[in-house]
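Below is one structure; the comments refer to it alone.
The values are calculated or read from the model by the stated rules, or taken from the named source; none is laboratory data. Bear in mind that the values here come from a model prediction, so they are computed numbers and not experimental data. A quick note on method: Cβ atoms are made from the backbone with ideal geometry, for glycine too, and the neighbour counts reach across all protein chains shown. In case anyone asks, the SASA skips ligands and DNA or RNA and just uses the protein heavy atoms, side chains included. Shrake-Rupley method; radii C 1.70, N 1.55, O 1.52, S 1.80 Å.
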Amino acid sequence: MTTEWNSGLLNCCDDLSSCCYGFWCCPCLACSVSGGLNENHCLPLCDMCSPAVMSAIGIPLCVPPAGLGLRVALRHKYGIKGSVCKDIATSCICVWCNWCQLHRELKYQTNSHGVVNLQPK
C-alpha cells in the first residue's frame with residue numbers, strides 16, 4: 001500500500017510541539033527520530049559534522065547522510081510515495097524541515113495503527 005506523507009513539509013500546524021521542538025533543539029529532535037527508527041541516537045551527528053569535513057577538503061555541498069538515510073527508510077517502511085531524488089532535494093533544502101516532517105510522520109505512523117479486538121457476545 002502506497003500513501004502520501006501524512007504531514008506537510010512546511011506545515012507546522014500539523015503538530016506544533018514537533019515544530020517547536022525542532023526549532024529550539026533540532027539536534028535533540030533528530031536524535032529522537034533516529035531512536036524511534038531503532039537506529040543509534042548519535043547518527044544525526046553525521047549531518048552536523050559532514051558539511052564541515054566536506055568543505056575542509058574542498059567540496060562545498062554535502063547531502064545530509066543521516067537525514068537522507070532515515071527519510072528513505074521511513075518512506076520504505078510505511079510505503080510512502082516518493083523517490084530518492086525528492087528525498088535528496090528535501091534533505092538538502094531544509095534540514096530542520098526534513099527532521100520535523102520525519103518526527104511528525106513517525107508519531108503519526110506509530111500512534112494511528114492500533115488494533116481493535118472485538119469479542120462476539
Quiz item: Do we have any residue at all in the stretch 88-104 that's among the hydroxyl-bearing types (Ser, Thr, Tyr), modelled with pLDDT under 90 and open to solvent by less than 40 Å² (accessible area, probe 1.4 Å)?
Solution: yes
Quiz item: If you check VAL53 against the conditions, is it part of a helix (DSSP H, G or I), over 16 Å from PRO27 (Cβ atoms) and at pLDDT below 85?
Solution: yes
Exercise. For the stretch 73-90, name all the residues that are polar (S, T, N, Q) and in a loop (DSSP other than H, G, I, E, B).
Key: SER83
Quiz item: Of the residues that make up the stretch 56-67, is at least one at pLDDT 80 or above, in a loop (DSSP other than H, G, I, E, B), open to solvent by 40 Å² or more (accessible area, probe 1.4 Å) and touching a helix residue (DSSP H, G or I) at 6+ places or on another chain (Cβ under 7 Å)?
Solution: yes
